[in-house]
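Undergrad: Handing you this structure, nothing more for now.
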Amino acid sequence: MIQFDRVHLRYDSGISLRDLNFRVDPNEFIYLFGPSGSGKSSILRLIYMELFPNAGEVNVFNINSIRARRQDIAKVRQNIGMVFQVSRLLPDRDVYANIALPLELLGFPSKEVRQKVTHIADELNIRSRLNHYPHELSGGEERRLSLARASINLPDILLVDEPTAHLDEISKKSVMEAICRIHDRGTSVIFATHDDSLLRQHNARVLTLDSGTIIEDRIV
Amino acid sequence: MKLNYIIREGIVGIRRSTMAFMNSVFSVTIALVLVAVGVLFVDNGLEFIGQLQADYDLEIFLENEADAGIKQELATIISEYPGIFRMDYLSKEDAAALYNAEFGEDVLSLLDDNPLPSSFRVTFEETYRSTNYIQAFINSMEALPMVDEIMFKRDLFDRVQGIMKSIYVVAAAAIFLIILSTVFLTSNNLRLMILSRYDFIETVRLLGASDFMVKAPFFLEGGLLGFIGGVFAILIISGFEFALKYFHIIDLPSRIMNHPELMIGTLLFGIALSSLGMLKTVRRMLRFVA
């Protein structure tokens with residue numbers, strides 16, 4: 001599903017990832033664990049083809065990111081849900097419109113869009129907030145909104161970048177439960193976090209990163 | 001339906017950035033007013049110069065002995081000559097009536113007999129209106145029987161033609177410059193308008209939108225923008241023309257309302273200018289979005 005082969009990524013400010021090798025199989029739950037600056041977000045952005053490796057290969061759904069055309073990248077992203085560290089919600093659209101956007105881009109009929117949006121809003125407990133705008137939501141609600149948007153079209157892979165950062169324990173728990181439910185539906189999850197308390201909450205594979213290299217690959 | 005999304009997003013996009021949209025409509029309107037006024041200015045200028053010309057290009061006077069058969073034959077030869085736009089026959093009586101109208105005296109009361117000859121007044125088509133061509137026509141007419149004299153005011157004709165040619169050249173250059181500056185003015189405004197939507201473009205692209213799905217609503221929005229700008233431009237020009245007449249300043253011989261082709265052209269130019277401008281700007285912006 002996802003294959004990293006000897007991936008190097010260099011930013012202008014210095015090297016970010018070195019000689020990265022790993023693969024992700026369908027329905028896996030993987031934690032990318034490590035301190036800030038260890039390269040977790042860069043890995044997610046490589047999978048998402050927002051960044052491209054300086055050396056090595058990243059293959060997602062058998063599409064090589066270096067050789068991918070713009071329409072290939074769009075196709076890859078249509079099968080990946082992404083919860084960004086910075087929410088990237090559209091502030092001038094209400095919760096409903098934010099969640100519905102990926103489906104509308106794929107051309108779903110409006111009746112089906114309505115059904116799916118209300119269903120996922122129920123599931124993530126934000127139904128009552130559908131007519132509100134992102135700035136009117138709490139931190140936990142905003143994360144759940146991002147999750148709803150990322151998973152509305154049942155993607156094969158869900159990428160989440162520090163989704164529980166700055167949340168209280170209750171919100172953290174509800175976000176984690178929502179991610180686990182999405183995983184239980186058959187979606188692979190790649191979860192970037194620096195919070196080791198989360199690692200104990202779900203049986204998963206943990207890739208521990210330090211200074212852009214994988215120092216440990218274990219099952220917890 | 002993707003089409004639903006494109007149409008809705010194109011219209012909703014206007015609501016989301018009303019101020020930027022209104023700014024762009026304003027700049028497109030100004031641009032189109034400039035272009036249409038330029039065209040009308042040239043058109044009116046040419047009409048005005050055209051009025052300086054005589055109603056006809058030359059007059060062929062016939063000998064008094066020319067009978068009806070000869071006149072008919074000459075009329076056929078003249079009217080079949082290539083490039084003749086109009087030919088009017090003036091009998092001796094018509095000529096007398098014209099003399100009477102022009103000088104206020106009856107020629108028959110001055111002389112016993114009507115000395116004025118019958119004649120053909122000839123006007124050439126615009127494309128055949130050159131001194132050389134008309135001279136060639138005169139030469140062939142002079143060879144015909146019963147043609148007494150041909151009157152052609154060559155100096156006046158040459159001067160008017162020269163002025164018209166200069167107007168064409170200056171007008172073409174001016175309209176080209178106006179169009180160039182309007183494209184520049186409009187594209188800058190459109191760029192600002194789209195820059196304010198950079199976050200949206202980046203987000204939908206990250207959500208898996210193809211380039212087409214990003215560009216299409218903007219293209220539609222640009223078309224609407226151009227159409228509205230075009231309608232405003234036509235209304236402004238019509239209002240201005242009406243005011244000129246209402247306040248008795250000048251009654252323009254050529255108005256935008258008499259030129260459906262100019263109105264359609266203004267609308268189409270507005271639509272093309274802003275929709276293609278939008279498309280170009282979004283395409284440029286997409287280069288910076290992965």
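Undergrad: If a paramagnetic tag sat 7 Å from the Cα of B:L98 along the Cα-Cβ line, which residues of region B:106-142 would have the backbone N under 17 Å from that point?
TA: B:106-108, B:114-124
Undergrad: Which lysines have a Cα lying under 18 Å from the Cα of B:K92, excluding residues fewer than 8 positions away in the same chain?
TA: B:K71
Undergrad: For the cross-link pairs B:K2/B:K280; A:K75/A:K111; A:K75/B:K215; A:K75/B:K2; A:K172/B:K215; A:K116/A:K172, which exceed 26 Å when the distance is taken from alpha carbon to alpha carbon?
TA: A:K172/B:K215
Undergrad: Could you tell me the center-to-center distance, by alpha carbons, between region B:124-146 and region B:204-226 in angstrom?
TA: Each part reduced to its Cα centre gives a spacing of 60 Å.
Undergrad: Between helix A:169-184 and chain A, what is the angle of the helix's C-alpha long axis to the longest principal axis, kept within 0 to 90° and rounded to the nearest 10?
TA: It is inclined by approximately 80 degrees.
Undergrad: Also, I was wondering about something else. Suppose we look only past 31 Å in the calculated P(r) of chain B. What percent of the Cα-Cα pairs does that tail hold?
TA: 54
Undergrad: Using alpha carbons only, how many degrees (0 to 90, rounded to 10) separate the axis of helix B:131-142 from the longest principal axis of chain B?
TA: 30
Undergrad: Add -39500 (n - 2.57) for each DSSP H run of 4 or more in the protein assembly as shown, then divide by its residues: what number comes out at 222 nm, to the nearest 500 deg cm²/dmol?
TA: The helix-only estimate for the protein assembly as shown comes to -18000 deg cm²/dmol at 222 nm.
Undergrad: Just counting partner chain Cβ atoms within 10 Å, what average do the residues of peptide A:106-112 show around their Cβ?
TA: 3
Undergrad: Additional query: Excluding the sites themselves, what is the longest stretch of chain B that contains no GluC sites (Glu not before Pro) in a DSSP loop with at most 16 other C-beta atoms within 10 Å?
TA: The segment B:126-290 is the longest one with no such site.
Undergrad: Relative contact order, percent, of chain B when contacts are C-alpha pairs under 8 Å separated by at least 6 residues?
TA: 31
Undergrad: Give, in whole angstrom and from largest to smallest, the semi-axes √(5λ) of the equivalent ellipsoid of chain A, with λ running over the eigenvalues of the Cα gyration tensor.
TA: Listed largest to smallest, the semi-axes of chain A are 28, 20, 15 Å.
Undergrad: When the label point is put 7 Å from the Cα of A:E112 along its Cα-to-beta-carbon vector, which residues of region A:149-174 have a backbone N closer than 19 Å?
TA: Residues passing the 19 Å test: A:149-157.
Undergrad: On a 0 to 90° scale, report how tilted helix B:154-195 is relative to the longest principal axis of chain B, with both axes built from alpha carbons and the result rounded to the nearest 10.
TA: Its long axis makes an angle of about 10 degrees.
Undergrad: Can you compute the label reach from B:R86? Point 7 Å from Cα along the Cβ direction, backbone N cut-off under 19 Å, restricted to region B:107-137.
TA: Taking a point 7 Å out along Cα→Cβ of B:R86, the residues of region B:107-137 whose backbone N falls under 19 Å are B:119-130, B:134.
Undergrad: Which FRET efficiency, nearest 0.05, do A:N21 and A:H166 yield, Cβ-Cβ r, R0 56 Å?
TA: 0.95
Undergrad: Once fully extended, how much extra length lies between B:Y56 and B:S109, figured as 0.36 nm per residue of separation less the alpha-carbon to alpha-carbon distance?
TA: Taking B:Y56 through B:S109 to full extension adds about 16.2 nm, to one decimal.
Undergrad: List the residues, sorted by chain then number, that are 5 or more residues from B:L58 or on another chain and whose placed amide H is less than 5 Å from its amide H.
TA: Answer set, sorted by chain and number: B:V122.
Undergrad: Rounded to two decimals, what ratio of Rg to Rh does region B:58-152 give with C-alpha atoms and a Kirkwood Rh?
TA: Rg/Rh: 1.01.
Undergrad: Moving on. Mind grabbing the accessible area of B:L98 for me, 1.4 Å probe, Å², rounded to tens?
TA: Accessible surface of B:L98 is approximately 70 Å².
Undergrad: Related question: Along the positive direction of the dipole of chain B (beta-carbon charges: Lys, Arg +1; Asp, Glu -1; about the Cα centre), which of B:N64, B:F103, B:F232 reaches farthest?
TA: About the Cα centre, the residue reaching furthest to the positive side is B:F232.
Undergrad: Over the protein assembly as shown, what portion of Cα pair distances is larger than 34 Å, expressed as a whole percent?
TA: The share of Cα pairs beyond 34 Å in the protein assembly as shown comes to 59 percent.
Undergrad: If you don't mind, another one. Mind giving me the FRET efficiency for B:N132 and B:I70? R0 is 25 Å, r the Cβ-Cβ distance, nearest 0.05 is fine.
TA: 0.30
Undergrad: Now a separate question. What spacing in nm lies between the two simple spin-label points modelled at A:D92 and B:I264, each 7 Å away from Cα in the Cβ direction?
TA: That separation, rounded to one decimal, is 3.6 nm.
Undergrad: When the Cα centres of region A:40-102 and region B:153-178 are compared, how far apart do they sit, in Å?
TA: The distance from the Cα centre of region A:40-102 to that of region B:153-178 comes to 61 Å.
Undergrad: Going highest first, how would you order A:59-67, A:146-154 by mean Cβ packing within 10 Å?
TA: A:146-154, A:59-67
Undergrad: At a Förster distance of 35 Å, what's the computed FRET efficiency of A:D217 paired with A:R127, Cβ-Cβ distance as r, to 0.05?
TA: So the FRET efficiency works out to roughly 0.35.
Undergrad: For a quick check, take a GNM of chain A with Cα springs below 10 Å and name the residue from A:L90, A:L124, A:L159 with the largest mean-square fluctuation.
TA: A:L90
The values are calculated or read from the model by the stated rules, or taken from the named source; none is laboratory data. Keep in mind that this is a model prediction, so the values were computed, not measured. Ideal geometry is used to build each Cβ from the backbone, glycine not excepted, and the neighbour counts take in all protein chains shown. We work out accessible area using only protein heavy atoms, side chains counted, and drop any ligands, DNA or RNA first. Shrake-Rupley method; radii C 1.70, N 1.55, O 1.52, S 1.80 Å.
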